[in-house]
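All remarks here apply to the structure that follows.
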Amino acid sequence: MSKSNFVIEASDLIKDFLYYLQTVKGRSPSTVDEYFNDLRTFFRFIKVQKHIVPPDTPYQDIKVDDVDLALVSSVTLTDGYEFMNYLMRVRRNNKAARARKTTSVKSFYSYLTNKKHLLAVDPLKDLERPNAREKNPLPKYLTLEQSIELLNAVDGKYKERDYCILTFFLNCGMRLAELVAMNYNDIKPDHTAQIIGKGSKKRIIYLNDACMSAFEAYMKVRPVDGVRAEDKYALFLSAQHRRISRESVQKMVYKYLEKIGLDSQGYSVHKLRHTAATLMYQHGNVDIRVLKDVLGHESLSTTEIYTHLDSRQIEAAAKSNPLSKVKPKGNK
């Protein structure tokens, strides 16, 4: 797998914190990458706020390889709350995304204050995290018909690759990071594959006939020449013959969601994982404990959200009965 972006793009101060997370705290590479992405977003915002870069500079062009102690020390609690406001109003991040970014930034400042003793006072110590737990957090998902429509929408130069990616998402309930990390030699003759989930935990997934058919069709056209040595076993490759990035997969999924008219309805790559779980539970009569292992959930309570969703549908069905509004005579 290619090196994480932070090895090249982060300043020494940020790298030191990220290496600490990975080597001392045992965070997985994908989790460390998320911390870096959050810190990069934060310090890009800070540079704009403090007029360190021209205000019209595209965010993706703002570097963070020069973030030093002077800039870090200049941040105030007010800056922290302005960043939270920016995430909500400009980036349209939901509570869960804002909570995660807040955690990343607070952890960085706590590390510099309490572990490295580079800051006398942690300016973001009192920055409150949004409550990421929504009331009745039922997952959004595609119906069976919409899922088929999404697969049928695939076309273009990379149609075999794109179709295989969507098929894996919709049939296996894989996470985005799990999919992009797959190597083609992970897939065994018995149609199983070992993938690395959250916290670097390994689990076995089983590829059904649809997955194997999509995989075999893609492997016939998967590039071989011009692939970098470090990416030669990567299952899914980009147009540049490198291991495909999470961002590229996200853009591809959004493109096909837009094609079938679902782009503005809160659907995303992660919703395809919800879709796989929902279809298994509702149409396959899969036991909730089995579904927990399929999805790689740590706790059964996380998986039980799909049983709650099913209960909601039962309630909605009952309410849709045309007799549901009929009341005894005399009652208004």
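Please treat every number below as a calculation from the coordinates, not as lab data. For clarity, every value in this text was computed on a predicted model and none was experimentally measured. Backbone-built Cβ (ideal geometry, glycine too); neighbour counts: all protein chains shown.
Things to note:
- Full-extension gain in nm, Ser268 to Tyr81, via 0.36 nm per residue minus C-alpha separation: 64.6 nm
- For the pair Val53 and Lys159, label points projected 7 Å from Cα toward Cβ lie 3.9 nm apart.
- Relative to the current alpha-carbon distance between Asp209 and His191, full extension at 0.36 nm per residue lengthens the span by 5.6 nm.
- Chymotrypsin sites (Phe, Trp or Tyr not before Pro) restricted to segment 202-239 and DSSP loop, no more than 16 other C-beta within 10 Å: Tyr233
- Cα shape, segment 120-243, gyration tensor, a/c 1.5 rule: prolate
- Segment 95-102 - phi-based ³J(HN,Hα) in whole Hz, Karplus 6.51/-1.76/1.60, Gly and Pro as x: 4, 5, 5, 5, 5, 5, 5, 5
- Approximate spin-label separation Lys202-Thr23, in nm, with each point projected 7 Å along Cα-to-Cβ: 2.4
- On the beta carbon distance between Gln250 and Ala120, with R0 = 51 Å, the FRET formula returns roughly 0.80.
- Less than 5 angstrom separates the built amide H of Leu237 from those of Ile244, all sequence-distant by 5 or more or on a different chain.
- Charge dipole magnitude, Cβ of K and R +1, D and E -1 - segment 52-139, Cα centre, debye nearest 20: 640
- Spin-label model distance (nm) - Ile148 vs Lys95, 7 Å beyond Cα toward Cβ: 3.7
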